[in-house]
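*Asks:* Mind looking over this structure? Questions follow.
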Amino acid sequence: QVQLVESGGGLVQAGGSLRLSCAASGSIFGFYAMAWYRQAPGQQRELVAAITSRGSTNYGSSVKGRFTISRDDAKNTISLQMNSLKPEDTAVYYCLYSDTDFHTWGQGTQVTVSS
């Protein structure tokens, strides 16, 4: 089993920045990918950013150029630096851990961007 703990959400004005972190613990072996998804009220969960074990990244089209995902394998942690935040970035942000046999979600952290 792998457990995820997210942190860093909050309230920020449009144009501001936030940094989210997600720490994984438990039975972590081999290669794994991690990602951030978000879900706004009444909408489907969507990919924000993902990073593979090799460090390859993928971003949702709405956040490209504003958000940066990174990972620290020594700490089994990923971070999401969010700059130039917009009100439409308001959502619950979820961390995802995925390896060849298992995947799990974090509990979610609220990000609210005021106009």
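Any read-out appearing in this document is the output of simple, stated calculations on the displayed coordinates, not a laboratory observation. On a predicted model such as this, the values are computed, not experimentally measured, just so you know. Ideal geometry is used to build each Cβ from the backbone, glycine not excepted, and the neighbour counts take in all protein chains shown.
*Asks:* Can you work out the PRE-style zone for residue 40? Point 7 Å along Cα to Cβ, and I want the residues of region 82-102 with backbone N under 11 Å.
*Replies:* So the set is 86-92.
*Asks:* Relative to the Cα centre, what is the charge dipole magnitude of the chain, using +1 at the beta carbon of each Lys and Arg, -1 at the beta carbon of each Asp and Glu, and rounding to the nearest 20 debye?
*Replies:* It works out to roughly 260 debye.
*Asks:* Once the Cβ-Cβ distance between residue 112 and residue 3 is put in as r, and R0 is 41 Å, what FRET efficiency do you end up with, to the nearest 0.05?
*Replies:* 0.95
*Asks:* Taking the Cα centre of each part, how many Å lie between region 1-66 and region 72-103?
*Replies:* If you average the Cα positions of each part, the centres end up 1 Å apart.
*Asks:* Each label point is 7 Å from the Cα along the Cα-to-Cβ direction; what then is the distance between the points at residue 72 and residue 101, in nm?
*Replies:* 2.8 nm
*Asks:* Over the Cα atoms, compute the radius of gyration (one decimal) and Dmax (the largest Cα-Cα distance, rounded to a whole number) for the chain, in Å.
*Replies:* 13.5, 43
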